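In what follows, a structure is listed as structure tokens, so that the remarks can point back to it.
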Amino acid sequence: MGKYDVVIAYRIYPKLSRGAFKLSGWDKLKLSEVCLRSLLDSLSGINFKMYAILDGCPPQYDALFRNLIRSDELEILHFQGIGNHATFIEQIKILLNQSESELVYFAEDDYLYDKGFDEMIELIKRRKDVDFVTPYDHPDYYQDRPDPKKPRFLVGLHNYKSRIIFEKRHWRTVASTCCTFLTTKTVLKETAKYLKLYPKLGDYGMWLALTKTGLRAALVRRPRLVAKIYASALKQMLVGRAYNLWAPIPSIATHMVELYLAPGVDWTSLIKRYDR
């Protein structure tokens with residue numbers, strides 16, 4: 001299906017998120033440039049098409065994409081400040097309506113990438129038990145003890161058994177991730193109505209409805225959320241299949257938030273490579 005290895009829906013907003021990791025003198029445009037350059041390097045050798053979703057962005061953001069990506073690989077879409085939840089829904093629509101690739105990628109503007117995007121593609125192509133792949137080895141996966149810097153409701157949520165495999169790096173099944181991930185258009189069609197619960201359930205609740213992993217820990221820590229998940233996705237929770245979400249060790253990318261950099265990678269050195 002289609003002429004590209006992967007189609008990417010990349011959403012970007014011109015304001016820094018709370019707690020964003022940045023070097024002295026950085027603004028959101030600089031952070032966006034560093035992150036986009038790193039993604040393009042990770043995509044080296046991969047035939048891709050990118051839909052850039054610019055939400056309330058000034059002209060400099062148009063120039064950023066047009067200067068770094070060939071015109072035949074890029075389509076820019078403008079929205080007038082519709083916000084995080086709405087742009088995620090737009091990503092779903094764009095990726096479902098395109099016919100240029102079976103592999104589809106949801107991307108956010110504040111992720112820094114190391115090499116390894118090709119490994120995600122290989123993993124999802126080679127294994128039938130892979131439905132979703134995140135590039136982010138989230139620090140939350142390791143937080144089973146109280147941490148004064150983290151809200152109490154997050155502690156222990158990832159206390160469950162994972163399947164672990166080795167394909168160039170280690171991969172493990174996880175209960176949830178953020179909103180940057182790879183999947184297929186086929187799986188996206190099956191799961192779109194549950195992904196669209198993101199505004200209601202947040203990313204953790206949305207993923208829990210799909211993976212059905214870590215429900216015991218969630219019931220203890222966030223019983224109201226679990227009740228909302230069942231109320232919003234009853235059929236999926238009772239008779240729907242559990243979808244497999246895989247995360248890499250070490251991480252292929254990190255969310256650029258000060259307290260949530262993925263472990264095991266020297267991200268500061270990587271940042272300096274792109275901080276031109």
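The residues listed here are L225, L201, L210, L234; of these, the one that is out of contact with any Pro (no Cβ under 6 Å at 6 or more places or on another chain), touching a residue at least 60 places away in the same chain (Cβ under 8 Å) and not charged (D, E, K, R) is L210. Against the list (1) in a strand (DSSP E or B); (2) in contact with a Phe, Trp or Tyr (Cβ under 9 Å, 6 or more places away or on another chain), the condition S32 fails is (1).
Looking at the range 242-255, which of the residues that are part of a loop (DSSP other than H, G, I, E, B) and more than 12 Å from the chain's Cα centre (by Cα) is surrounded by the most Cβ atoms within 10 Å (Cβ to Cβ)? The extreme case among them is S251. Checking Y141, Y194 one by one, the residue that is modelled with pLDDT under 95, within 19 Å of the chain's Cα centre (by Cα) and not in a loop (DSSP other than H, G, I, E, B) is Y141 and no other. Whenever a residue of the range 19-41 is at pLDDT below 95 and surrounded by fewer than 18 Cβ atoms within 10 Å (Cβ to Cβ), its partners that are outside any helix (DSSP H, G or I) and of a type in the set (A, V, I, L, M), lying with C-beta atoms within less than 8 angstrom and at least six residues away or across chains, give the pairs G19/V257; A20/M256; A20/V257; K22/L16; K22/M256; D27/L16. Residues in the range 172-183 that are in contact with a helix residue (DSSP H, G or I) (Cβ under 7 Å, 6 or more places away or on another chain) and either of a type in the set (S, T, Y) or farther than 18 Å from P248 by Cβ (or both): S176, T177.
Condition first: hydroxyl-bearing (S, T, Y) and not in a helix (DSSP H, G or I). Can you find one or more residues in the range 59-71 that meet it? The answer is no, given that none of the residues of the range 59-71 is hydroxyl-bearing (S, T, Y) and not in a helix (DSSP H, G or I). Scanning the range 4-19 for residues that are within 26 Å of D118 (Cα to Cα) and aromatic (F, W, Y) yields Y4, Y10.
Hey, among the residues in the range 57-71 that are surrounded by 16 or more Cβ atoms within 10 Å (Cβ to Cβ) and in contact with a Pro (Cβ under 7 Å, 6 or more places away or on another chain), which one's nearest to K30 (Cα to Cα)? If we take residues in the range 57-71 being surrounded by 16 or more Cβ atoms within 10 Å (Cβ to Cβ) and in contact with a Pro (Cβ under 7 Å, 6 or more places away or on another chain), then Y61 is nearest to K30 (Cα to Cα).
Going through (1) closer than 26 Å to K196 by Cβ; (2) within 20 Å of the chain's Cα centre (by Cα); (3) in a loop (DSSP other than H, G, I, E, B) one by one, I94 falls short only on (3). Of the residues making up the range 31-60, those that are over 17 Å from N84 (Cα atoms) and touching an Asp or Glu at 6+ places or on another chain (Cβ under 8 Å) are L31, V34, C35, L36, S38, S42, G45, I46, N47, F48, K49, M50. Taken as a whole, the range 113-126 holds at least one residue that is touching a residue at least 40 places away in the same chain (Cβ under 8 Å), part of a loop (DSSP other than H, G, I, E, B), farther than 13 Å from Y51 by Cβ and not basic (K, R). Test T173 against the criterion of being closer than 27 Å to M50 by Cβ, within 16 Å of the chain's Cα centre (by Cα) and at pLDDT 95 or above, and give yes or no. No; evaluated as a whole, the condition is false for this residue. Only a single criterion out of (1) touching a Leu at 6+ places or on another chain (Cβ under 7 Å); (2) among the charged types (D, E, K, R); (3) at positive phi is not satisfied by K168, namely (1).
The values are calculated or read from the model by the stated rules, or taken from the named source; none is laboratory data. All of these numbers come straight from a predicted model, not from anything done at the bench. Quick reminder, even Gly has a Cβ in these numbers, built from the backbone with ideal geometry, and neighbours come from all protein chains shown.
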